[in-house]
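Notes follow once the structure below has been shown.
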Amino acid sequence: SNFINPPYSRKLKEAFINKAFEESKKGKICVMLLPVSTSTKIFHEIIYPNAEIVFLKGRIKFKGINSKGIPVGDRTGQMDNMLVIFK
């Protein structure tokens with residue numbers, strides 16, 4: 001199994017989603033934490049017909065270092081999230 005929290009930029013996120021989908025075709029389970037974006041082409045063509053989707057209630061609090069090198073721990077993300085599971 002692979003647990004994946006890809007970058008949220010569109011181009012990189014789509015590359016990770018496509019790779020996870022391809023790996024699932026080889027028998028690997030890929031669990032992805034993604035922002036909820038149900039109006040996109042990749043959601044309707046790759047995610048929705050091929051994955052189990054779990055919408056998370058509330059916003060996730062992330063702990064660690066943000067992209068600017070600043071420690072964080074008490075702030076929530078800017079987007080709603082979902083787990084996408086390719087089997």
For the chain, what does -39500 (n - 2.57) per DSSP helix run (n ≥ 4), summed and divided by total residues, give at 222 nm, in deg cm²/dmol to the nearest 500? -6000 deg cm²/dmol
What angle do you read, to the nearest 10 degrees and between 0 and 90, between the alpha-carbon axis of helix 10-25 and the longest principal axis of the chain? 40 degrees
Ignoring ligands, DNA and RNA, what percent of the accessible area of the stretch 14-87 is carbon or sulfur (1.4 Å)? 54 percent
Residues other than Asp74 with Cβ under 11 Å of its Cβ, Lys/Arg counted +1 and Asp/Glu -1, net out at +3
Using only the Cα atoms, work out Rg/Rh for the chain, with Rh taken as the Kirkwood radius, to two decimals. 0.98
What is the Cα centroid distance between the stretch 36-87 and the stretch 12-34, reported in whole angstrom? 14 Å
Find the accessible area per residue for the chain; the probe is 1.4 Å, ligands and nucleic acids are left out, and the unit is Å². 71 Å²
Using only the Cα atoms, what convex hull volume per residue in Å³ does the stretch 23-68 have? 138 Å³
Rel. contact order, % - alpha carbon contacts under 8 angstrom, at least six apart, the stretch 40-87: 43 percent
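The values are calculated or read from the model by the stated rules, or taken from the named source; none is laboratory data. In this text, all values refer to a predicted model and were calculated from it rather than measured experimentally. Glycine also receives a Cβ, built like all others from the backbone with ideal geometry; neighbour counts cover every protein chain displayed. The accessibility values were calculated without ligands, DNA or RNA, using every heavy atom of the protein model including side chains. Shrake-Rupley method; radii C 1.70, N 1.55, O 1.52, S 1.80 Å.
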